[in-house]
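What follows draws every value from the coordinates through simple rules; no lab data is involved. Computed from a predicted structure; not experimentally measured. No Cβ is skipped: glycine too gets one built from the backbone with ideal geometry, and neighbour counts run over all protein chains shown.
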Amino acid sequence: MQPLNILQIDASARPGLSGIDPRGSHTRRLTRRFIERWQEARPQDSVAYRDVGQQPPSPVRGDWIAAAFTRPERRDEAARACLAESDMLVQELLRADLIVIGAPMYNFGLPAQLKAWLDNVVRVGVTFGFDRSRQGEPYWPMLPPGKQLVILSSRGDYGYDPGGRLGDINLVERGLSVPMGYIGLTQTHSIAIEYDEFGDERLRASISAAETAVDNLVEELVQNLLETADREPALA
């Protein structure tokens, strides 16, 4: 079985880990746990790390839009320089087989730093195609098939899962899964810690449940890889 490439992205503005550092991040705690459990099961896989919470990508500007919508062969040096950071982020995404994102809920949606990353990697002609003369749907995804997305979130209140008391105003998971699905990344898994603003036993129970869910998800994904490898025909 070929080694996998994992891309770990942390988006919390809090630099530390909950349970270790004062006011530490719950999402960083979950992404750290996921990667540690994964590496225990599959030490041969590589992990690329990007901390957009502490080093946010540049937001989309007018010159970025002009450069992105200019054909590559017509871009001048300034346009190429404008897209250099986006090119780097796109290449990280393209190399990754598994993308693990720590995405805390800020005002019901994504942190601005993570939205900036999204806007840099959802790019016409690079991660999605567009042709106004195309029959039927003029847009199509360009990411290679088989990639998977893991969203590890945290919330101050409770009941944000689909069908929950606040499910309709949860813009985190859909804020990631919709644009990522648009470019071809449609296999998504999500786990979240709730009750952060309560800080009582409910928070502690939610953390414990989320950590158990992370462990189970790693086990499930690794097992799926083994089963897929067993079904692949042997080379003659």
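Before moving on, here are some points about what is shown:
- Backbone phi angles across region 173-188, fed through the Karplus curve with coefficients 6.51, -1.76 and 1.60 (θ = phi - 60°), yield HN-Hα couplings of 4, 5, x, 9, 5, 5, x, 5, x, 4, 9, x, 9, 9, 8, 10 Hz in residue order; Gly and Pro are listed as x.
- Once the Cβ-Cβ distance of D87 and Q39 is raised to the sixth power relative to R0 = 25 Å, the FRET efficiency obtained is 0.30.
- Amide H to amide H distances under 5 Å link V100 with L7, Q8, I9, V150, where only residues 5 or more positions off or on other chains count and H is placed in the peptide plane.
- Stokes-Einstein diffusion for the chain at 37 °C, viscosity 0.692 mPa s, with a Kirkwood radius from C-alpha pairs, works out to 172 µm²/s.
- Rounded to 5, percent antiparallel among DSSP beta bridges of region 1-160: 15
- Dividing the alpha-carbon radius of gyration of region 9-143 by the rule-of-thumb value 2.2 N^0.38 Å gives 1.24.
- For region 155-161, Karplus couplings with θ = phi - 60° (6.51, -1.76, 1.60), whole Hz, Gly/Pro x: 9, x, 9, 9, x, 8, 5
- Inter-part distance where region 153-181 and region 42-64 are each reduced to a Cα centre, Å: 22
- Helix 84-95 axis, angle to the chain major axis (alpha carbon atoms, nearest 10°): 60
- Between the amide H of A192 and those of S153, distances stay under 5 Å, these residues lying 5 or more places away or on another chain, with hydrogens modeled in the peptide plane.
- Spin-label pair F198/T70, simplified geometry with 7 Å Cα→Cβ offset, distance in nm: 5.4
- Peptide ranges 197-203, 186-192 listed from the most packed, as the mean C-beta count within 10 angstrom indicates: 186-192, 197-203
- Taking Cα atoms only, the orientation of helix 201-231 departs from the longest principal axis of the chain by about 50 degrees.
- Other-chain or far-sequence residues with amide H under 5 Å of L4's (modelled H): D45, S46
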